[in-house]
């Protein structure tokens, strides 16, 4: 038992010596070698282990087996002059935690320049000195014009519109007269630009009042007789006959005219120098002078009316008929219209218009050829007409 304790004490001493050598090597550690306490402790433990193994091998025990009591190392008191083994506490570098650097937000303070107040500048207002207006585009009747002027001081210019002048119309004049079936037209002209305009005046309207004795007086003068449908009678003077033969009318010439008839058909025969009314061979007991007198009386009472008289020779074998007829007509003077043309109503008012179907000494509208019986027809012997 004492031997075991001695061996343990020797082992402890050797361990201390090695520890001291270990401390000396520590001072000679080259740069780059580990100098931590953990490395020294590892070497010490290894050496101690090796020493222990050597002791155990060199000194085998032959003692009876013993039951070793738990060994408690008594505290060792170092002899004077013996340095106690120095055990460097392992240096533990505390981990350095870099605190995040938070830059305090910098708020740039707005730089406010102190207001500078300029002294007010007083500008003297410019007053334009305008020149005279000059016309750049003349106004017309329908289009506006323009004019311009400029300031002599600053050169500024202004332009203004000149209103259109408008037409200077003359009076309306009739360019086409209306008839009973065709519209009339009026025209007027501008004295500035010469433009003309037209307007329709409609067809002729006649209000019938039932007065058959003066119906033509209600129509305008400008109408041609060809514009008017004129009622007439056949063999107007044949008011009697032989046992009824040869009679065509029951009314006298005066009554026919009063009823509205304006065309009369007179058939004459020169008998003993007297122009008498006949129908074929039948004497009607009426002379040409009596017929003309009835017409003259009617026209005197109704001067706005006219009568168209067709004259035909009933027996062409008697000489001197034409001269006798012409003499009678000429003696009537202004009562007759004897030109070879259709007159206007204005020209024919108050007159007898002669339609010569026979020799009338060159008087009247020539209807000697082309006349047809018992039918409506057109004819033109220098004067176009429809009968």
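Details
- Cross-chain or 6+ apart pairs with Cβ under 7 Å, the stretch 174-185 first and on the phi > 0 side of the Ramachandran plot and without any contact (Cβ under 8 Å) to a residue 24 or more places away in the chain, then part of a strand (DSSP E or B) and surrounded by 13 or more Cβ atoms within 10 Å (Cβ to Cβ): none
- Residue pairs meeting the criteria (Cβ under 6 Å; at least 6 apart or on separate chains; first modelled with pLDDT of 95 or more, in the stretch 317-338; second part of a helix (DSSP H, G or I) and surrounded by 12 or more Cβ atoms within 10 Å (Cβ to Cβ)): 335/296; 336/329; 337/348
- Tally, over the stretch 190-201, of residues that are more than 31 Å from the chain's Cα centre (by Cα) and not in a loop (DSSP other than H, G, I, E, B): 1
- Search result, residues across the stretch 371-387 that are part of a loop (DSSP other than H, G, I, E, B) and either in contact (Cβ under 8 Å) with a residue 60 or more places away in the chain or surrounded by 14 or more Cβ atoms within 10 Å (Cβ to Cβ) (or both): 371, 381, 383, 387
- Condition check for residue 270: surrounded by 14 or more Cβ atoms within 10 Å (Cβ to Cβ), touching a helix residue (DSSP H, G or I) at 6+ places or on another chain (Cβ under 7 Å) and not in a helix (DSSP H, G or I): yes
- If the condition is being in a strand (DSSP E or B) and closer than 17 Å to residue 230 by Cβ, then the stretch 304-362 contributes 307, 308, 309, 310, 311, 337, 344, 352, 353, 354, 355.
- Residue 201 free of Cβ contacts under 8 Å to residues at least 60 places away in the same chain, within 30 Å of residue 140 (Cβ to Cβ), surrounded by 12 or more Cβ atoms within 10 Å (Cβ to Cβ) and in contact with a strand residue (DSSP E or B) (Cβ under 8 Å, 6 or more places away or on another chain): yes
- Applying the set (1) in contact with a strand residue (DSSP E or B) (Cβ under 7 Å, 6 or more places away or on another chain); (2) in a loop (DSSP other than H, G, I, E, B) to residue 229 leaves exactly one unmet item: (1).
- Candidates 364, 333, 320: the one that is touching a strand residue (DSSP E or B) at 6+ places or on another chain (Cβ under 6 Å) and at positive phi is 364.
- Test: residue in the stretch 373-387 that is more than 24 Å from residue 180 (Cβ to Cβ) and modelled with pLDDT of 95 or more: no
- Hits in the stretch 204-226 (condition: part of a loop (DSSP other than H, G, I, E, B), out of contact with any strand residue (DSSP E or B) (no Cβ under 7 Å at 6 or more places or on another chain) and either in contact (Cβ under 8 Å) with a residue 40 or more places away in the chain or under 21 Å from residue 288 (Cα atoms) (or both)): 215, 219, 220
- In the set (1) surrounded by 11 or more Cβ atoms within 10 Å (Cβ to Cβ); (2) under 30 Å from residue 225 (Cβ atoms), residue 171 fails one condition alone, (1).
The values are calculated or read from the model by the stated rules, or taken from the named source; none is laboratory data. As the structure is a prediction and not an experimental result, all values here were calculated from the model. Positions of Cβ are backbone-derived with ideal geometry, glycine not excepted, and every protein chain shown enters the neighbour counts.
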